[in-house]
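**Q** Next up is a structure, given as structure tokens.
The values are calculated or read from the model by the stated rules, or taken from the named source; none is laboratory data. Quantities reported herein were computed from a predicted structural model and do not represent experimental measurements. All Cβ positions, even for glycine, are placed from backbone atoms using ideal geometry, and neighbour counts span all protein chains on display.
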Amino acid sequence: MTKKLTIGTVVVNAVIILGLVVMFVIGYNENKVLLTDETVQITGFYGYEFSFSDVEMIELREELPGIQRRVNGMSFLGVHKGIYNLAEYGRSRLYIHGSTEPTIYVKADGNNIFIRFREPEKTTKLYEDILAAILSTKEE
């Protein structure tokens, strides 16, 4: 009986550890950000979607405000995803990968959203694409 209990314990522990590893690997991957005709869609863990018409402000910032507390999300090896309380902004959605600036800040429908990819050029390109899409929808 002790041998069966030990084998069962090992199997349960292995499944739990494997599940945690899979979660961290998936969570560590950058979220994809898709631009449709009317929205920005952030896919993956803690994904979110907002409409261009709901954007109140968009900026490319050199610094991320200080993280005060993680409300619901993950922080692991320079990746911060989910909902956090930030200094000066309060409750905010973070999609941060790495420590290399810049960071996109979007205020949409009352929500603070911060996006940063590992490659600064990718972050800058996304900012330019979102800004162009917002401007084109306002011209219509």
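**Q** Any idea which of 84, 46 is at pLDDT 95 or above, among the hydroxyl-bearing types (Ser, Thr, Tyr) and closer than 24 Å to residue 21 by Cα? Explain how you work it out, then say what you get.
**A** Numbers: 46 fails: at pLDDT 95 or above.
It is 84.
**Q** Just one of (1) surrounded by 13 or more Cβ atoms within 10 Å (Cβ to Cβ); (2) part of a loop (DSSP other than H, G, I, E, B) trips up residue 99, so point out which.
**A** (1)
**Q** What number of residues within region 66-86 are farther than 17 Å from residue 47 by Cα, of a type in the set (A, V, I, L, M) and in a strand (DSSP E or B)?
**A** 2
**Q** Residues to consider are 58, 115; find the one that is of a type outside the set (Asp, Glu), assigned to a strand (DSSP E or B) and under 19 Å from residue 29 (Cβ atoms).
**A** On the way: 58 fails: under 19 Å from residue 29 (Cβ atoms).
Unique residue meeting the criteria: 115.
Rundown of residues vs (1) of a type in the set (A, V, I, L, M, F, W, C); (2) on the phi > 0 side of the Ramachandran plot, yes/no style:
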site: 42; (1), (2): yes, no
site: 47; (1), (2): no, no
site: 60; (1), (2): yes, no
site: 82; (1), (2): no, yes
site: 85; (1), (2): no, no
site: 88; (1), (2): no, yes
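**Q** Assess whether residue 45 counts as being assigned to a loop (DSSP other than H, G, I, E, B) and either free of Cβ contacts under 8 Å to residues at least 12 places away in the same chain or surrounded by 14 or more Cβ atoms within 10 Å (Cβ to Cβ) (or both). I'd like the intermediate steps shown before the answer.
**A** Details: assigned to a loop (DSSP other than H, G, I, E, B): yes; either free of Cβ contacts under 8 Å to residues at least 12 places away in the same chain or surrounded by 14 or more Cβ atoms within 10 Å (Cβ to Cβ) (or both): yes.
Taking the combined requirement at face value, the residue satisfies it.
**Q** So which of 31, 112 is without any contact (Cβ under 8 Å) to a residue 40 or more places away in the chain, buried (at least 17 other Cβ atoms within 10 Å of the Cβ) and among the polar types (S, T, N, Q)? Before you say what the answer is, go through the steps one by one.
**A** Values: 31 fails: without any contact (Cβ under 8 Å) to a residue 40 or more places away in the chain.
One residue alone meets the criteria, 112.
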